[in-house]
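K.L.:
This structure is in structure tokens; I'll ask about it shortly.
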Amino acid sequence: MSAKKILIIGGGYVGMYTARHLRRMLRAGEAEITVVDPKDYMTYQPFLAEAAGGAIEPRHVVAPLHRVLKGVRVLTGRVTGLDHDARTAVFEPARGPARTLGYDILVMATGSITRTLPLPGLAEHGMGFKTLGEAVQLRDHVLAQLDVAASTDDDAVRRAALAFVVVGGGFAGVEALAELQAMAEDAAKEHGLDPAELRWILVEATGGILPELDGRLGAWTVRTLTGRGVEVRLGTTLDSAVDGHVALSDGTELDAGTLVWAAGGRPNPLAAASGLPVDRLGRIETTEFLNVRDVRHAFAAGDGAAVPDLTRPGQFTAPNAQHAMRQAKVLARNVVADVRGEPLRPYRHAYLGSVAGLGHRQGVAQIHRVRLTGLLGWLAHRGYHLLVVPTMGQRVRVLAGWLLSGLFHRENVRLDAR
């Protein structure tokens, strides 16, 4: 019997961890594993905010796929087309002509991309916060705005440079704002600026922030950010940002040198273009066994999949790392079962809670019914993520970075080419 060919599209949480588990579960010669992703590394998303804020070295929040997935074929490029009936995928490498990859079993781990809206000026002036490159770019941009403010005699230019608007009250937006604020206040003093001159605005369309946490923790976070001078605008949306002039639905208008768009994501378009069944949001429809509904030898999980939540009948699992990492383990077991013709296992995971870092040694955490705020929440945030970061090397480097940033001032230096 020839070795089965397993194709995993996506090298994020689901893709990397699935390949990692498969490598350990499969017998020698039982299957060949190929992972395709535009990047040759997996980004540990919860640390992006700390990388942007300078608490962690950016390279320490990524896991190189070639190193982590030894024995797995890692291809850098994109899958641009699928024909699951023929078991073929069109692969476009980073350089060179496209070619066809054959497979026996497909794993769709395409994840999500930033969800944008056709708002005037957003494409030109808004900055995303989903990739490591965007986190580093945002850090450099904020520091550049401080340079502008410290170097001008024009009050209007100064006010605009020191105005920072973040759209999106989920984990990404709140943590990005909190860490960048902590960094900017520290750097402002080095520039001879008064940190009180910095204006921070958090814009959220709904009535609360951090929706995955208990509402009381979200309310505590709003009070904490407000106490730090952040203007939290709930029930408010961005109307336009033409020429950097930000207009909000509550009537607020201001010139802002920094506009961060962190208003959620949407499934990777490849899911809808794959020919596999998708729901109205563009997520691949799966069963509780993580196999694609009504399709043989195809599996999906993570942000780009609509996975039934067996602990909440009628609902789907939330698009977060907690589910993605656990889905990857069950998915790998079921792929092995598919290879061997064995029964599949259902995915069931009850929500354990969530944690968020807010800079300034503050954070919030919800672990089952336990709620932590302030320093305890911050310690829970760091402790949890340190335990689940993918490799031991990352753990040591991240911990060393935290210790050094606690003992010495942040290195508030721009890394862009100037």
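K.L.:
With a point put 7 Å past each Cα toward its Cβ, work out how far Asp40 is from Arg24 in nm, to one decimal.
P.N.:
2.5 nm
K.L.:
In percent, how large is the relative contact order of the chain, given Cα pairs closer than 8 Å and 6 or more residues apart?
P.N.:
18 percent
K.L.:
Tilt of helix 392-407 relative to the longest C-alpha principal axis of the chain, in degrees (0 to 90, nearest 10)?
P.N.:
It works out to around 10 degrees.
K.L.:
Okay, next question. So between Leu386 and Asp255, what do we pick up on full extension, going 0.36 nm a residue minus the alpha carbon distance? All intermediate terms of the calculation are to be shown ahead of the outcome.
P.N.:
On the way: separation 131, 0.36 × 131 = 47.16 nm, distance 3.86 nm.
Working it through step by step, the gained length comes to 43.3 nm.
K.L.:
Out of the trypsin sites (Lys or Arg not before Pro) in the range 309-364, which ones are loop residues according to DSSP with at most 13 other C-beta atoms within 10 Å? Intermediate results must be reported in sequence, preceding the final value.
P.N.:
Numbers: sites: Arg326, Lys329, Arg333, Arg340, Arg348, Arg361; in loops: Arg348, Arg361.
Taking the range 309-364 and a limit of 13 other Cβ atoms within 10 Å, the loop trypsin sites (Lys or Arg not before Pro) found are Arg348.
K.L.:
A further question on this structure: Mind checking the full-extension length gain between Glu342 and Glu288? Use 0.36 nm per residue of separation minus the Cα-Cα distance, one decimal, nm.
P.N.:
On the way: separation 54, 0.36 × 54 = 19.44 nm, distance 1.61 nm.
This chain segment gains 17.8 nm when fully extended.
K.L.:
Using a 1.4 angstrom probe with every protein chain in place, what is the largest-first accessible-area order of Leu375, Leu198?
P.N.:
So the residues, ranked largest to smallest area, are Leu375, Leu198.
K.L.:
If I take R0 = 51 Å and measure r between the Cβ atoms of Ala273 and Thr226 in this structure, what FRET efficiency does the formula 1/(1 + (r/R0)^6) give, to the nearest 0.05? List each step's numbers first, then the result.
P.N.:
Working: r = 44 Å, r/R0 = 0.86.
Taking R0 as 51 Å, the efficiency between Ala273 and Thr226 is 0.70.
K.L.:
Another question about this same structure. Could you tell me what percent of the DSSP beta bridges with both partners in the chain are antiparallel, to the nearest 5?
P.N.:
Working: 35 of 71 bridges.
Of all bridge pairs located within the chain, approximately 50 percent are antiparallel.
K.L.:
Here is a follow-up. For the pair Arg280 and Ala350, what calculated FRET efficiency results from E = 1/(1 + (r/R0)^6), where r is the Cβ-Cβ distance and R0 = 22 Å, to the nearest 0.05?
P.N.:
Step by step, r from the Cβ atoms, then E = 0.25.
K.L.:
Taking 7 Å along the Cα-to-C-beta vector as the label spot, tell me the Arg73-Leu403 distance in nanometres, rounded to one decimal.
P.N.:
Label at Arg73, label at Leu403, 4.3 nm between them.
K.L.:
For the cross-link pairs Lys5/Lys70; Lys39/Lys130; Lys5/Lys130; Lys4/Lys70; Lys4/Lys39, which exceed 22 Å when the distance is taken from alpha carbon to alpha carbon?
P.N.:
Too far apart for the 22 Å limit: Lys5/Lys130; Lys4/Lys39.
K.L.:
What is the distance in Å between the Cα centres of the range 7-28 and the range 180-211?
P.N.:
40 Å
K.L.:
Would you mind checking the range 100-122 for residues with the amide N under 17 Å from a putative spin-label position 7 Å along Cα→C-beta of Ser240?
P.N.:
117-122
K.L.:
Divide by every residue of the chain the summed helix terms, -39500 (n - 2.57) for each DSSP H run of at least 4, and state the resulting mean residue ellipticity at 222 nm, rounded to the nearest 500 deg cm²/dmol.
P.N.:
That calculation yields -10500 deg cm²/dmol at 222 nm.
K.L.:
Okay, moving on. On a 0 to 90° scale, report how tilted helix 215-227 is relative to the longest principal axis of the chain, with both axes built from alpha carbons and the result rounded to the nearest 10.
P.N.:
That works out to roughly 30 degrees.
K.L.:
Give me, ordered by chain and number, the residues 5 or more places off Met42 or on other chains with an amide H under 5 Å from its own placed amide H.
P.N.:
Ala63, Leu65
K.L.:
How many times 2.2 N^0.38 Å is the alpha carbon radius of gyration of the range 136-251?
P.N.:
Numbers: Rg = 14.5 Å, N = 116, 2.2 N^0.38 = 13.4 Å.
So the range 136-251 has a normalised radius of gyration of 1.08.
K.L.:
Once label points are set 7 Å from the Cα along Cα→Cβ at both Ala3 and Glu57, what is their separation, rounded to one decimal in nm?
P.N.:
3.5 nm
K.L.:
Set the Förster radius R0 to 41 Å, insert the Cβ-Cβ distance between Ala94 and Thr152 as r into 1/(1 + (r/R0)^6), and round the FRET efficiency to 0.05.
P.N.:
0.50
K.L.:
Next up: Which angle between 0 and 90 degrees, to the nearest 10, do you get for helix 132-151 versus the longest principal axis of the chain when only C-alpha atoms count?
P.N.:
In the chain, helix 132-151 runs at an angle near 10 degrees to the longest axis.
K.L.:
To continue, here is another question. Two decimals, Cα atoms only, Kirkwood Rh: what is Rg/Rh over the range 280-321?
P.N.:
Taking Rg over the Kirkwood Rh, I get 0.94.
K.L.:
When the dipole is taken about the Cα centre of the chain, and only Lys, Arg (+1) and Asp, Glu (-1) are charged at their Cβ, what size is it in debye, to the nearest 20?
P.N.:
My answer is approximately 2220 debye.
The values are calculated or read from the model by the stated rules, or taken from the named source; none is laboratory data. This structure is a prediction, so every number in the text was calculated from the model and none was measured. Neighbour counts run over all protein chains shown; Cβ positions are idealised from the backbone, glycine included. Note: accessible area is taken over every heavy atom of the protein model, side chains too, but ligands, DNA and RNA are not part of it. Shrake-Rupley method; radii C 1.70, N 1.55, O 1.52, S 1.80 Å.
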